[in-house]
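My questions will all concern the structure given below.
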Amino acid sequence: MKIALLGYGKMGKVIEIIALERGHEIVLKKSSQDTFEGLSNADAAIDFSVPDSAVRNISECFATNIPVVSGTTGWLEKYDEITALCTEKNGAFIYGSNFSLGVNIFFELNDYLAKMMANLEQYKVSMEEIHHTQKLDAPSGTAISLADGIIKNSNYESWTLDTPKENQIHIEAKRIENIPGTHSIFYDSTVDQIEIKHTAHNREGFALGAVIAAEWLADKKGIFTMKDVLFNNNKQ
């Protein structure tokens, strides 16, 4: 498969290594100042750029009829606009706040636990996420996805980085050198605490998941998630 890399920073370079190991060819390695020359030769594109570039990168893929996987966070105020454009152009798109296979299993575990805890009012939920100091957005996209999973399965209504009000989930976002990504969910009562946690050891898990998503998406049309990739492999 021929892959275009839209964003060639640390993640882009790791994705390149994983893609080549899996027998793929890289036809474009685009940094922010580069052109899209070579994009039309790709079977799929993988966008790990920056928030200011992501919308343009994804839109260009739809215009060129190239399926695109995006792991860039911090641009989701334009998500509805992008999915509408995908539908208009009959494109193929996967956005994921985290492409790690382990994290996507963690998402499912988080949803299941939230359902179990929904009626146990003595437990109050909170979250912590830790990332490297170069991460531009806070909280992380993964933390927001986890919070949204709790909200849809409980009586919580929103999340906040500040002191939480009633029915708000507090997220503590920490930035520490050389931490790829750690996410913890806490359910605290006066007598005990339940905790689930995912710790990334390096970027390779994110890169592998993104390449697997691109492989899955290459012959499809529509808007999908990593849940489709991992748990519904026959969806067209």
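Calculate the spin-label point distance for residue 65 paired with residue 32, positioning each point 7 Å from the Cα along the beta-carbon direction, and give it in nanometres.
It works out to 3.3 nm between the two label points.
Related question: Step through the residues of segment 203-215 one at a time and calculate ³J(HN,Hα) from phi using the Karplus curve (6.51 cos²θ - 1.76 cosθ + 1.60, θ = phi - 60°), rounding each to whole Hz and writing x for Gly and Pro.
Result, ordered by residue: 7, 5, x, 5, 5, 4, x, 5, 5, 4, 4, 5, 4 Hz.
Based on the Cβ-Cβ distance from residue 52 to residue 124, what FRET efficiency comes out when R0 is 35 Å, to the nearest 0.05?
With R0 = 35 Å, the Cβ-Cβ based efficiency is 0.45.
Find the accessible area per residue for segment 2-71; the probe is 1.4 Å, ligands and nucleic acids are left out, and the unit is Å².
Ligands and nucleic acids excluded, the result is 44 Å² per residue.
Also: Please calculate the 1.4 Å probe accessible area of residue 157, with all protein chains present, and give it to the nearest 10 Å².
130 Å²
Run the count for segment 84-211, please: Lys pairs, Cα-Cα under 20 angstrom, 8 or more apart or on different chains.
11
Say the dipole of the chain comes from +1 at the beta carbon of Lys and Arg and -1 at that of Asp and Glu; which of 201, 133, 9 then lies farthest toward its positive end?
Value computed over the given set: 9.
Please calculate how many Å² of accessible area segment 92-178 carries per residue, with a 1.4 Å probe and no DNA, RNA or ligand atoms counted.
51 Å²
Once the piece of chain linking residue 232 and residue 21 is laid out straight, how much longer is it, given 0.36 nm per residue of separation minus the C-alpha distance between them?
Roughly 73.5 nm would be gained on extension.
Something else about it: May I ask you to evaluate 6.51 cos²θ - 1.76 cosθ + 1.60, the Karplus curve with θ = phi - 60°, for each residue of segment 80-92 and list the ³J(HN,Hα) values in order in whole Hz, giving x for glycine and proline?
Along segment 80-92, the couplings run 4, 5, 5, 5, 5, 5, 4, 5, 4, 8, 6, x, 9 Hz.
Please list 3J(HN,Hα) in residue order for segment 110-124, calculated via the Karplus relation 6.51 cos²θ - 1.76 cosθ + 1.60 where θ = phi - 60°; whole Hz, with x for glycine and proline.
Values per residue, Gly and Pro as x: 4, 4, 5, 5, 4, 4, 5, 8, 4, 9, 9, 5, 6, 9, 10 Hz.
The values are calculated or read from the model by the stated rules, or taken from the named source; none is laboratory data. It should be emphasised that the depicted structure is a prediction, and the values quoted were computed from it without experimental measurement. Glycine gets a Cβ as well: all are built from the backbone with ideal geometry, and neighbour counts include every protein chain shown. We work out accessible area using only protein heavy atoms, side chains counted, and drop any ligands, DNA or RNA first. Shrake-Rupley method; radii C 1.70, N 1.55, O 1.52, S 1.80 Å.
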